[in-house]
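Written below as structure tokens is the structure these notes are about.
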Amino acid sequence: MAGFAAGMGRGYTYSQMIKYAFAMGASNAAEKETGKISLQYVEKLLSEIEIETFIQLNEEKIQ
């Protein structure tokens with residue numbers, strides 16, 4: 001949820017927010033400590049995560 005909120009705060013599109021949220025959540029799950037992430041690992045994951053669209057999203061940035 002924090003990754004989604006951080007993406008929203010940065011003005012990301014819905015797809016970008018979803019990717020960011022997944023990357024941050026996966027990075028946190030890979031750490032021993034709760035609430036800790038590796039920004040380097042987040043960047044790596046962002047390049048690997050693909051979103052398959054099943055419904056059309058409004059890709060406008062959130063105001």
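Each row is one residue, and each column tells you yes or no for (1) in contact with a strand residue (DSSP E or B) (Cβ under 8 Å, 6 or more places away or on another chain); (2) of a type outside the set (D, E, K, R); (3) at pLDDT 90 or above.
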residue: MET8; (1), (2), (3): no, yes, yes
residue: SER15; (1), (2), (3): no, yes, no
residue: ALA26; (1), (2), (3): no, yes, yes
residue: ILE37; (1), (2), (3): no, yes, no
residue: LYS44; (1), (2), (3): no, no, yes
residue: GLU48; (1), (2), (3): no, no, yes
residue: THR53; (1), (2), (3): no, yes, no
residue: GLU59; (1), (2), (3): no, no, no
residue: ILE62; (1), (2), (3): no, yes, no
Inset, instruction - Just name the residue that is surrounded by the fewest Cβ atoms within 10 Å (Cβ to Cβ) out of those in region 3-30 that are in a helix (DSSP H, G or I) and of a type in the set (Ser, Thr, Tyr). - result: SER15
Inset, instruction - For GLU33, state whether it is among the acidic types (Asp, Glu), open to solvent by 70 Å² or more (accessible area, probe 1.4 Å) and at pLDDT 90 or above. - result: no
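The values are calculated or read from the model by the stated rules, or taken from the named source; none is laboratory data. Here the structure is a predicted model, which means the values were calculated and not measured. In this analysis, Cβ positions are derived from the backbone assuming ideal geometry, glycine residues included, and neighbour counts consider all displayed protein chains. The area values use the complete protein model at the heavy-atom level, side chains included, leaving out ligands, DNA and RNA. Shrake-Rupley method; radii C 1.70, N 1.55, O 1.52, S 1.80 Å.
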